[in-house]
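Chemist: Submitted below is the structure of interest, expressed as structure tokens.
The values are calculated or read from the model by the stated rules, or taken from the named source; none is laboratory data. All of these numbers come straight from a predicted model, not from anything done at the bench. Cβ: placed from backbone, ideal geometry, glycine included. Neighbour counts: every protein chain shown.
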Amino acid sequence: MRGRLNVKEVSKTYDNIIALDSISLDITSEKLVSLVGVNGSGKTTLLRIIAGLDEPTKGNVIFNNQILKAQNLRKIATMVFQKNIMFDNNVFDNVAFGLKIRDFNKEETESKVEKALISVGLDGFENRKAKKLSGGEQQRVALARAFVIEPEILLLDEPTANLDPSNSLIIEQFIRKIRKENGCVVILATHNLYQAKRLSGMIFHIHAGKILDAANPKRFFKKPSNQITKKFINGELQF
Ligand SMILES: Nc1ncnc2c1ncn2[C@@H]1O[C@H](COP(=O)(O)OP(=O)(O)O)[C@@H](O)[C@H]1O
Ligand SMILES: [Mg+2]
């Protein structure tokens, strides 16, 4: 499976706030893409539009050459948030949720959930109460819940922002693995430049709702194309 996602001149305004200002991206599932930028730069807004959770004010989201409206994007994209709400039941039911509403039968559901839990290192956790797990474990449940339905697009919005460094590294390993196993488009929003460097094949710098730079990590960090990106890399932009 090879997916191609095109974001074409997408803008989003809230009253007089311009959250996204004519953003264009053209990416495939071959490389993990990171979206980096300071707080308030527009990362979440862009991911929510690609996920079909919000509508753009202008522009289109195109997947494999088809313009998709929010309701259709929701069928092929899933999003993992910084803080994910666990349903008040066990790990199995949390991960199985998306399969149940898609009418998978019991055997298929069990086998997919099992596989997903193994992928995030949580096999044996099926009957544990999801809400009682540690923050890092809950994030792994959230990842399993998102990719168990085999989305074409997986959106990760600062998935390690609430975790300590060792749990963050564990999550990063699973993100790498999931992308390889599933072959879906993965976009990771992060303000952690080290994480972007470790994980991505392509980095987009978003600032004040605009893409200022886009490059592979090597070029991005060595030769930023503009002064604002350079300042961001050097930690000189306010968060
Ligand atoms: N629902 C909303 N209503 C009004 N303004 C919003 C809303 N969501 C986001 N914004 C504004 O849009 C801009 C981008 O926000 P966001 O996408 O959350 O940035 P990031 O995820 O990079 O921190 C910010 O100025 C934010 O205040
Ligand atoms: Mg955000």
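Chemist: Does N60 qualify as being surrounded by fewer than 21 Cβ atoms within 10 Å (Cβ to Cβ) and either in a strand (DSSP E or B) or of a type in the set (A, V, I, L, M, F, W, C) (or both)?
Modeler: Details: surrounded by fewer than 21 Cβ atoms within 10 Å (Cβ to Cβ): yes; either in a strand (DSSP E or B) or of a type in the set (A, V, I, L, M, F, W, C) (or both): yes.
Considered against the rule, which asks whether it is surrounded by fewer than 21 Cβ atoms within 10 Å (Cβ to Cβ) and either in a strand (DSSP E or B) or of a type in the set (A, V, I, L, M, F, W, C) (or both), N60 comes out as yes.
For (1) modelled with pLDDT under 95; (2) surrounded by fewer than 22 Cβ atoms within 10 Å (Cβ to Cβ); (3) within 21 Å of L47 (Cβ to Cβ), each residue gets a yes or a no:
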position	(1), (2), (3)
S111	no, yes, no
K129	no, yes, no
K132	no, yes, no
V141	no, no, yes
G183	yes, yes, yes
V186	no, no, yes
H191	yes, yes, yes
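Chemist: In the range 22-45, how many residues are buried (at least 17 other Cβ atoms within 10 Å of the Cβ) and not in a loop (DSSP other than H, G, I, E, B)?
Modeler: 10
Chemist: Take the range 189-203 and flag every residue that is within 13 Å of ligand 1 (Cβ to nearest atom) and in contact with a Leu (Cβ under 6 Å, 6 or more places away or on another chain).
Modeler: Within the range 189-203, the subset within 13 Å of ligand 1 (Cβ to nearest atom) is 189-192.
Result: A189, single match.
One line per residue, one yes/no per condition, for (1) under 18 Å from the mean Cα position of the chain (by Cα); (2) within 16 Å of ligand 1 (Cβ to nearest atom); (3) aliphatic (A, V, I, L, M):
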site	(1), (2), (3)
G37	yes, yes, no
L46	yes, yes, yes
K58	no, yes, no
V61	yes, yes, yes
L73	yes, no, yes
M79	yes, yes, yes
F87	no, no, no
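Chemist: Here's something else I'd like to know. Search the range 172-181 for residues being surrounded by 15 or more Cβ atoms within 10 Å (Cβ to Cβ) and free of Cβ contacts under 8 Å to residues at least 60 places away in the same chain, and hand back the single one that is farthest from K83 (Cα to Cα). Give the steps one after another, and end with the answer.
Modeler: Taking the range 172-181 as the starting set, the residues that turn out to be surrounded by 15 or more Cβ atoms within 10 Å (Cβ to Cβ) are 172, 174-175, 178-179.
After this cut, where a residue has to be free of Cβ contacts under 8 Å to residues at least 60 places away in the same chain as well, the list is 172, 174, 178.
Numbers: E172: 16, F174: 17, I178: 19 Å.
Checking each candidate, the answer is I178.
Chemist: Would you confirm, using the coordinates I've provided, whether A196 is over 18 Å from the mean Cα position of the chain (by Cα) and within 16 Å of ligand 2 (Cβ to nearest atom)?
Modeler: Against the criterion (over 18 Å from the mean Cα position of the chain (by Cα) and within 16 Å of ligand 2 (Cβ to nearest atom)), A196 does not qualify.
Chemist: Kindly state which helices (runs of 4 or more DSSP H) lie completely within the range 91-171 and contain at least 1 residues that are without any contact (Cβ under 8 Å) to a residue 12 or more places away in the chain and out of contact with any Cys (no Cβ under 9 Å at 6 or more places or on another chain). Don't jump to the end; show me each part of the working.
Modeler: On the way: elements: 91-101, 106-119, 135-147.
Per the criteria, 91-101, 106-119.
Chemist: Follow-up question, since we're still on this one. What are the pairs, 6+ residues apart or on separate chains, where a residue within the range 1-21 that is at positive phi has its Cβ under 6 Å from a residue that is away from ligand 2 (no atom under 16 Å from the Cβ) and part of a strand (DSSP E or B)?
Modeler: Listed pairs, sorted by first residue: E9/S22; E9/S24; E9/G59.
Chemist: Give the residue that is surrounded by the fewest Cβ atoms within 10 Å (Cβ to Cβ), with candidates limited to residues of the range 202-239 that are of a type in the set (V, I, T) and within 19 Å of the chain's Cα centre (by Cα).
Modeler: It comes out as I211.
Chemist: Search the range 143-162 for residues being within 16 Å of ligand 1 (Cβ to nearest atom) and of a type in the set (A, V, I, L, M), and hand back the single one that is modelled with the lowest pLDDT.
Modeler: In the first step, residues of the range 143-162 are kept if they are within 16 Å of ligand 1 (Cβ to nearest atom); the result is 155-162.
Imposing the further condition that a residue be of a type in the set (A, V, I, L, M) reduces the set to 155-156, 161.
Values: L155: 97, L156: 97, A161: 93.
Per the criteria, the residue is A161.
Chemist: Could you identify the single residue in L20, L47 that is within 24 Å of L193 (Cβ to Cβ), out of contact with any helix residue (DSSP H, G or I) (no Cβ under 7 Å at 6 or more places or on another chain) and of a type outside the set (K, R)? Lay out the reasoning, then the answer.
Modeler: Working: L20 fails: out of contact with any helix residue (DSSP H, G or I) (no Cβ under 7 Å at 6 or more places or on another chain).
Of the residues listed, the single one that is within 24 Å of L193 (Cβ to Cβ), out of contact with any helix residue (DSSP H, G or I) (no Cβ under 7 Å at 6 or more places or on another chain) and of a type outside the set (K, R) is L47.
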